[in-house]
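The next block holds one structure in the form of structure tokens; read it before the comments.
Nothing in this text is a laboratory measurement; each read-out follows from the coordinates by a stated rule. All of these numbers come straight from a predicted model, not from anything done at the bench. Counting neighbours? That spans all protein chains shown, and the Cβs are built from the backbone with ideal geometry, glycine included.
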Amino acid sequence: MPDTNPLREKAVKLRALHRPGQPLLLVNVWDCATARILESGGSPAVATTSAGIAFTHGYPDGEKIPRELMLEAVARICRSVSVPVTADVEAGYGASAGEMEATASAVVEAGAVGLNLEDGTGDPSKPLADLTLQLEKIRAVKAASERAGVPLVLNARTDAYLDRIGSEEEMLAETLRRGEAYREAGADCVFVPGVTDAATIGELVRRLACPINILAVAASPPIGDLAKLGVARVSLGSGPMRASVSLLQRLAEEAFTRGTYSMLEGILSHARLNQLVA
């Protein structure tokens with residue numbers, strides 16, 4: 001297990017970066033090269049994408065990748081950068097508070113100082129996890145933090161909007177119900193992916209009265225507008241990884257169909273990337 005003193009300092013730094021109205025922008029990474037690129041570009045913290053890591057290892061998203069393999073990837077990323085790292089650990093890789101505590105402890109052992117915890121189940125018949133269990137998981141994360149002496153920054157995610165559960169009024173009500181409960185249980189930030197409407201985002205910020213994380217997609221308001229709404233954190237999720245793969249797909253199509261390689265113009269040089277990861 002790493003020396004927890006530097007991790008405590010990183011955890012405090014990461015928490016301080018969550019300032020409503022001055023959002024922490026996280027362009028999520030999935031390996032050491034992408035983490036180094038973000039750090040070298042001035043990002044004050046690095047966030048992993050669980051989907052991106054899973055895809056890279058040949059697994060679909062949704063906790064199909066083994067916990068050990070996910071956390072091995074997180075550990076490599078943590079070793080490659082000096083800034084705080086927050087890890088997306090999906091729903092915690094376990095159906096109990098005890099398993100959640102084990103995952104949180106493993107996150108610290110990997111060198112990360114924050115984690116995402118989602119309540120989506122992937123089950124259409126019951127798309128959101130039982131609220132009582134989710135609160136137990138949040139408390140388990142806090143217990144693991146205290147035991148390790150590292151105040152993990154817990155970003156509690158609720159998927160009512162992402163999974164479009166009910167009407168607009170029902171999605172808002174369920175998000176508020178869960179967000180308030182997560183906040184009271186000890187979550188440091190509430191993550192609401194799937195919402196892009198500025199008025200709704202503003203209402204969530206006002207009524208939850210805690211740091212709010214928005215998932216940026218093409219239809220999302222610009223960072224400046226999200227700052228004015230009081231958002232504290234903006235993340236891109238698996239978008240950057242999927243954008244990279246999409247570029248590869250288009251490059252391959254051009255090469256196979258036209259025999260040209262125009263998309264290789266202006267790319268990061270071999271020497272620069274080699275220097276970044278050295």
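For segment 1-63, give the magnitude of the charge dipole about the Cα centre (Cβ charges: +1 Lys/Arg, -1 Asp/Glu; no others), in debye to the nearest 20.
The calculation lands at about 340 debye.
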query: What number comes out for the charge environment of residue 210, summing +1 per Lys or Arg and -1 per Asp or Glu over other residues with Cβ under 13 Å away?
result: +4
query: About its Cα centre, what dipole magnitude does segment 145-278 give when the only charges are +1 on Lys and Arg Cβ and -1 on Asp and Glu Cβ, stated in debye to the nearest 20?
result: 420 debye
- line: In nanometres, the difference between 0.36 nm per residue of separation and the alpha-carbon distance of residue 22 and residue 199 is 61.9 nm
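What does the charge add up to near residue 236, with Lys and Arg as +1, Asp and Glu as -1, over the other residues with Cβ less than 14 Å from its Cβ?
+1
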task: Restrict the search to segment 1-79; then list the trypsin sites (Lys or Arg not before Pro) that DSSP places in a loop and that have at most 13 other Cβ atoms within 10 Å of their Cβ.
output: 64
- line: The size of the Cβ-based charge dipole (Lys, Arg +1; Asp, Glu -1) of the chain about the Cα centre, to the nearest 20 debye, is 840 debye
- prompt: Once the Cβ-Cβ distance between residue 249 and residue 225 is put in as r, and R0 is 30 Å, what FRET efficiency do you end up with, to the nearest 0.05?
  reply: 0.45
Gained length - residue 5 relative to residue 57, 0.36 nm times residue gap less alpha-carbon distance: 15.5 nm
query: Using Cα atoms only, what is the angle between the long axis of helix 168-185 and the major principal axis of the chain, expressed in degrees (0 to 90) to the nearest 10?
result: 80 degrees
message: With angles folded into 0 to 90 degrees, how steeply does helix 198-208 sit against the dominant principal axis of the chain? Use alpha carbons for both and round to 10.
response: 40 degrees
message: Quick check on the exposure proxy: order 192, 234 from fewest to most C-beta atoms within 10 angstrom.
response: 234, 192
- request: Largest first and to the nearest Å, give the Cα extent of the chain along each principal axis.
  value: 56, 46, 37
statement: Taking Cα atoms only, helix 67-80 is inclined relative to the longest principal axis of the chain by an angle, in degrees rounded to 10, of 60 degrees
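Can you give the calculated 222 nm mean residue ellipticity of the chain, where each DSSP H run of n ≥ 4 adds -39,500 (n - 2.57) and the sum is split over every residue, rounded to the nearest 500 deg cm²/dmol?
It lands at -15500 deg cm²/dmol.
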field: Partners for residue 126 among aspartates and glutamates (Cα-Cα distance below 20 Å; same-chain residues under 8 apart left out)
entry: 61, 63, 90, 118, 136, 159, 163, 168, 169, 170, 174
